[in-house]
Amino acid sequence: MTTAEGTRSTPRIGELVYDLEREAMGRVAYVDTGGNIAWVKPLREGPEWTALPEQLRRAPDGER
């Protein structure tokens, strides 16, 4: 996941994120042990998807 400062961090389970590639918001459901892949659950119905941490950014308070 990329922070506002541009550094890479591993998303945390339960964190609300925005996937830049899919242009979709969701919650992190799982992160592999190496921190290389995150499984993201959509806020509404639908299947989970996988994303690279650098595709994700934390959703600001205004997007929640």
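The values are calculated or read from the model by the stated rules, or taken from the named source; none is laboratory data. These numbers were taken from a predicted model, which means no experiment stands behind them. Neighbour counts run over all protein chains shown; Cβ positions are idealised from the backbone, glycine included. Ligands, DNA and RNA are excluded from the accessible area calculation, which covers all protein heavy atoms including side chains. Shrake-Rupley method; radii C 1.70, N 1.55, O 1.52, S 1.80 Å.
Pairing each residue of region 10-30 that is under 12 Å from Ala59 (Cβ atoms) and part of a strand (DSSP E or B) with any residue that is among the β-branched types (Val, Ile, Thr) and open to solvent by 40 Å² or more (accessible area, probe 1.4 Å), provided the two are 6+ apart or on different chains, yields C-beta distances under 6 Å for Val28/Ile13. None of Arg57, Arg27 is surrounded by 13 or more Cβ atoms within 10 Å (Cβ to Cβ) and farther than 14 Å from Thr10 by Cβ except Arg27.
Close Cβ contacts (under 8 Å, 6 or more residues apart or on different chains) running from residues in region 37-53 that are open to solvent by 50 Å² or more (accessible area, probe 1.4 Å) to residues that are modelled with pLDDT of 95 or more and among the basic types (Lys, Arg) comprise Lys41/Arg27; Leu43/Arg27; Glu48/Lys41.
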